[in-house]
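Report on the structure given below.
The values are calculated or read from the model by the stated rules, or taken from the named source; none is laboratory data. Everything quoted here is computed from the prediction, not taken from an experiment. Here Cβ is always computed from backbone atoms with ideal geometry, including for glycine, and neighbour counts include all displayed protein chains. Ligands, DNA and RNA are stripped out before the accessible areas are found, and what is left, the full protein with its side chains, is counted by its heavy atoms. Shrake-Rupley method; radii C 1.70, N 1.55, O 1.52, S 1.80 Å.
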Amino acid sequence: MTQLPGLTVIDHPLIRHKMSLLRGADTPSKLFRELVGEISMLMAYEVTRTLEEDWVPVRTPLEVTSGHRIRGKKLVVVPVLRAGLGMVEGVLRLIPSARVGHVGMSRDEESLQPIEYYFKVPAESEVRRFVVVDPMLATGGSATAAVSGLKARGARHLSFMCLLAAPEGVRALGAAHPDVPIFAAALDRELDQNGYILPGLGDAGDRLFGTR
Ligand code: PRP
Ligand code: URA
């Protein structure tokens with residue numbers, strides 16, 4: 001169900017159930033990490049629905065038939081550090097041969113502006129599909145900067161996948177990069193005065209890595 005232009009909320013009972021557990025303030029880091037991985041895997045199934053395929057001959061024990069193979073160079077999963085790291089394993093369970101790029105981006109707590117501190121992506125970016133993963137799309141600053149950085153390095157085919165999106169973030173990312181489809185497990189109400197998503201789940205990085 002799409003509620004904002006460019007956004008697809010992946011609507012599935014398993015995702016809704018797991019998202020409710022994830023939001024719970026008493027959910028410990030171990031379970032939080034497991035849930036982030038499981039939801040990411042379920043979402044990856046939908047995010048990759050439009051991958052192009054080639055026909056290939058397959059010799060079964062009985063005859064030759066036509067099969068399918070995903071077209072082109074290996075897809076690249078790009079976590080936005082730190083919290084995006086929690087989503088990588090789930091995506092790789094569905095696409096084990098994917099490459100992994102990394103974008104280091106932290107949000108200044110006062111200005112809420114993203115600060116880039118690391119960037120590493122595979123070669124031949126122009127011909128690959130990229131799925132940028134970050135659990136939280138809040139103001140949209142980090143996602144917009146990550147996508148801009150990838151485009152500056154040649155990436156042309158990008159999707160953005162998050163667990164929770166705020167309307168402000170969807171609008172900001174959509175305005176800066178209207179060619180990039182956004183996938184979320186849930187669309188929340190708004191941001192608070194500190195740029196936290198409401199009702200949200202808190203600080204995703206801290207909850208994943210137990211740093212608070
Ligand atoms: C969080 C989150 C996003 C960003 C979203 O990261 O993982 O990257 O905030 O906020 P925005 O849409 O307003 O930019 P944070 O900067 O807290 O870093 P961390 O992952 O290292 O904790
Ligand atoms: N980053 C988070 O981790 N949580 C929010 O609610 C907003 C940004």
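Quick notes on this one:
- Sequence-distant residues sharing a close amide H with Arg129 (under 5 Å, placed H): Val76
- DSSP-defined beta bridges in the stretch 79-212 - what % are antiparallel, rounded to 5: 35 percent
- Residue separation of Ser106 and Phe209 scaled by 0.36 nm, minus their Cα-Cα distance, works out to 35.6 nm of gained length.
- Spatially near lysine pairs across the chain, Cα under 25 Å, sequence gap of 8 or more or different chains: 6
- The largest-to-smallest principal axis extents of the Cα set in the stretch 88-212 are 41, 31, 26 Å.
- For Gly154, residues with placed amide H under 5 Å, excluding near neighbours: none
- In Å, descending, principal axis extents of the Cα set of the stretch 102-160: 38, 19, 15
- 0 to 90° range, to nearest 10: angle between helix 29-47 axis and the chain longest Cα axis: 50 degrees
- For the chain, the longest principal axis of the alpha carbon atoms and the long axis of helix 13-23 meet at an angle near 30°.
- Rounded to 5, percent antiparallel among DSSP beta bridges of the stretch 136-212: 20 percent
- Descending semi-axes in Å of the stretch 1-120, equivalent ellipsoid built from Cα gyration tensor: 33, 20, 15
- Compared with the dominant Cα axis of the chain, that is its longest principal axis, helix 167-176 is turned about 60°.
- Here the stretch 9-133 carries DSSP beta bridges of which approximately 60% are antiparallel, counting only pairs with both residues inside.
- Ligands, DNA and RNA left out, the accessible area of the chain computed with a 1.4 Å probe is 54% carbon and sulfur.
- Dipole-positive endmost among Met41, Val127, Phe183 within the chain (Cβ charges, Cα centre): Val127
- Average accessible surface area per residue within the chain, 1.4 Å rolling probe, Å²: 53 Å²
- Rough spin-label spacing in nm, given labels placed 7 Å along Cα→Cβ, for Asp26 and Phe119: 4.5 nm
- Per-residue HN-Hα couplings for the stretch 146-163 [Karplus 6.51, -1.76, 1.60; θ = phi - 60°; Hz; x = Gly/Pro]: 4, 5, 4, x, 5, 5, 5, 9, x, 5, 10, 10, 10, 10, 10, 10, 9, 8
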